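Engineer: Mind having a look at this structure? Questions to follow.
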Amino acid sequence: MLKRTGTAFAVTAAAGLVLAGCSSSDDTTDENTAGATDDSSMEAMAGGEITLAAFNGWDESIATSLLWQNILNEKGYEASVEYADAAVGFQGIADGDYDVLTDVWLPLTHASYIEEFGDDMEEVGAWFDQAKLTVAVNADAPIDSLAELGAAADEFDNRIVGIEPGAGLTATMQDATIPTYDGLSDMEFITSSTPAMLAELDKATGDGENIAVTLWEPHWAYGAYDLKNLEDPEGTLGEAEEIVTYSRTGFGEEFPEVTEWLGNFTMESDLLYNLENALNAADSTEHEQVVADWVAENQEWVDSLTA
């Protein structure tokens with residue numbers, strides 16, 4: 001299902017390309033045709049509506065979506081961000097309800113979603129190449145490996161605190177990590193939401209208690225708390241992954257300029273953590289202003305994304 005504004009843009013842009021490709025012998029016809037389509041061409045140049053989907057609780061998803069909303073609006077597009085859990089986000093891209101998704105982890109975390117919806121999506125490009133799933137504990141915890149966690153369960157209140165039930169990280173824990181290591185299946189694996197996990201992490205570290213949480217890098221929590229990742233000797237959480245931007249089918253043809261910008265987009269972890277921390281320190285109602293202020297402070301880098 002294509003959006004009406006996007007379709008209008010594609011038709012207008014295609015008309016412009018046809019005119020540009022005509023020979024000089026058609027100059028008079030070209031001028032007449034161009035004059036007849038001036039209004040629609042100007043509308044196309046102004047941009048169009050673009051909806052970015054951001055995963056609830058995934059800070060890099062929220063940060064990059066809000067960043068690109070700011071950039072696209074400054075470039076004359078009408079960009080908005082809608083929040084959804086992973087399953088809804090992927091379904092929405094496949095159905096054409098959303099246009100862009102910046103937080104697809106490959107080849108492991110979101111593999112099942114790509115298998116299900118990939119034929120109805122378009123890969124745009126990877127913007128981060130050192131992402132990884134983790135089980136993190138407080139830095140002074142008495143263990144260093146997932147292989148030790150089951151035996152030390154009492155030290156962690158017999159719990160592993162997870163995030164959303166539909167998250168790829170949750171599925172990996174349930175399908176691979178927990179069955180692999182002795183004793184983990186006897187621990188309570190709590191799933192609710194990323195904010196709830198972070199609240200538990202904040203409380204435990206503040207109280208000087210041990211805690212084990214499912215986490216991922218990049219994430220601002222590594223800058224806010226003294227944490228360490230438990231070693232995963234069996235490799236159940238996978239190797240370093242890429243974070244890839246996907247769009248709905250047809251988006252690249254309708255918005256070639258935006259697709260090129262997103263395809264060339266990369267972001268270093270220090271910049272990402274800085275933006276995430278700024279957002280995390282503010283109320284969600286202030287996020288757009290926080291991003292605007294952050295963009296102003298990093299204007300040269302932001303301008304390079306669309307140079």
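Engineer: Once you've got the GNM for the chain with C-alpha springs shorter than 10 Å, pick whichever of 93, 50, 114 has the biggest mean-square fluctuation.
Structural biologist: Residue with maximal mean-square fluctuation among 93, 50, 114: 114.
Engineer: Quick check: from the Cα gyration tensor, does the chain come out rounded (a/c under 1.5), prolate or oblate?
Structural biologist: Prolate is the answer for the chain, as a/c is 1.5 or above and a/b outweighs b/c.
Engineer: Hey, what do the phi angles of the stretch 78-83 turn into as Karplus ³J(HN,Hα) couplings, whole Hz, using 6.51/-1.76/1.60 and θ = phi - 60°, x for Gly and Pro?
Structural biologist: Whole-Hz 3J(HN,Hα) from phi for the stretch 78-83: 10, 9, 9, 10, 10, 9.
Engineer: A follow-up question, please. Where q = 0.19, 0.20 Å⁻¹, what log10 of I(q)/I(0) comes from the Debye formula for the stretch 132-229, counting one point per Cα?
Structural biologist: For the stretch 132-229 at q = 0.19, 0.20 Å⁻¹, log10 I(q)/I(0) is -0.87, -0.97.
Engineer: OK, next. Report the Cα centroid-to-centroid distance between the stretch 210-270 and the stretch 42-94 in angstrom, as an integer.
Structural biologist: 17 Å
Engineer: Compute the Cα gyration tensor for the stretch 196-307, then decide on rounded, prolate or oblate, letting a ≥ b ≥ c be the square roots of its eigenvalues: rounded whenever a/c is under 1.5, prolate when a/b is larger than b/c in the other cases, and oblate in all that remain.
Structural biologist: Note, shape of the stretch 196-307 comes out oblate.
Bear in mind these aren't lab numbers, they're just calculated from the coordinates by the rules spelled out. All values derive from a computational prediction rather than experimental measurement.
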